[in-house]
Every structure is written in structure tokens, then in C-alpha cells.
Amino acid sequence: MKMYYSLLCPDCTKALAKMVNAGVKCEEMVNVTNSMKELREFIYFREEHTENWEPLRPNRSIGVPCFVLDDGTISFDVEDVLK
């Protein structure tokens, strides 16, 4: 699993805490506010999968936390990761 997140985002910090409490670890974690390289990676990924972000647009959500599950499924809900 891969996770795109930001430590500036309260939803991300809550998701990270839930994952730690459940003992769930990510193979790869990308902090989108850590560097321009990581932000570019996230923006490129988002542009490749615009259909996943369309439902988030009305709420002006950036789309983090974003989980890319091992089967390629994209989720914005930590509960999908904890299953």
C-alpha cells in the first residue's frame, strides 16, 4: 500500500494515528508537503486518476489522505485500510 499524506492535514494525522493503533504499516509513504518532488509526484498521480478526485471537488478537498491499495484501488478513507 502507498499513502499520500500531509502532516499539515488534520485528517491525515488522525488516519496515521488510527493506522499506528491498528498496527497497519504502509510500504511507501509520500508526504506531499515535504518537498516539491513529492508534491509533483502527487499532482501527477492525481492527474492520471482524475475520476477518483471528481467527487472531492465540491468540497475543495485536496485528496489526502490518499491510499493506493495493493490491488490498485484508490481510497480516501482510512477505514478501507483497516479492514
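Structure notes:
- Residue ID - modelled with the lowest pLDDT, chosen from residues in region 51-79 that are under 19 Å from residue 8 (Cα atoms) and among the charged types (D, E, K, R): 60
Residue-wise test of (1) open to solvent by less than 50 Å² (accessible area, probe 1.4 Å); (2) out of contact with any Pro (no Cβ under 8 Å at 6 or more places or on another chain); (3) touching a residue at least 12 places away in the same chain (Cβ under 8 Å); (4) in a loop (DSSP other than H, G, I, E, B).
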residue: 7; (1), (2), (3), (4): no, yes, yes, yes
residue: 12; (1), (2), (3), (4): yes, no, yes, no
residue: 51; (1), (2), (3), (4): no, yes, no, no
residue: 57; (1), (2), (3), (4): no, yes, no, no
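- Verdict on residue 36 being over 14 Å from the mean Cα position of the chain (by Cα) and modelled with pLDDT of 95 or more: yes
The values are calculated or read from the model by the stated rules, or taken from the named source; none is laboratory data. Remember, it's a predicted structure, so these values are computed and weren't measured experimentally. All Cβ positions, even for glycine, are placed from backbone atoms using ideal geometry, and neighbour counts span all protein chains on display. Please note that ligands, DNA and RNA were not included when accessible areas were found on the heavy atoms of the full protein model with its side chains. Shrake-Rupley method; radii C 1.70, N 1.55, O 1.52, S 1.80 Å.
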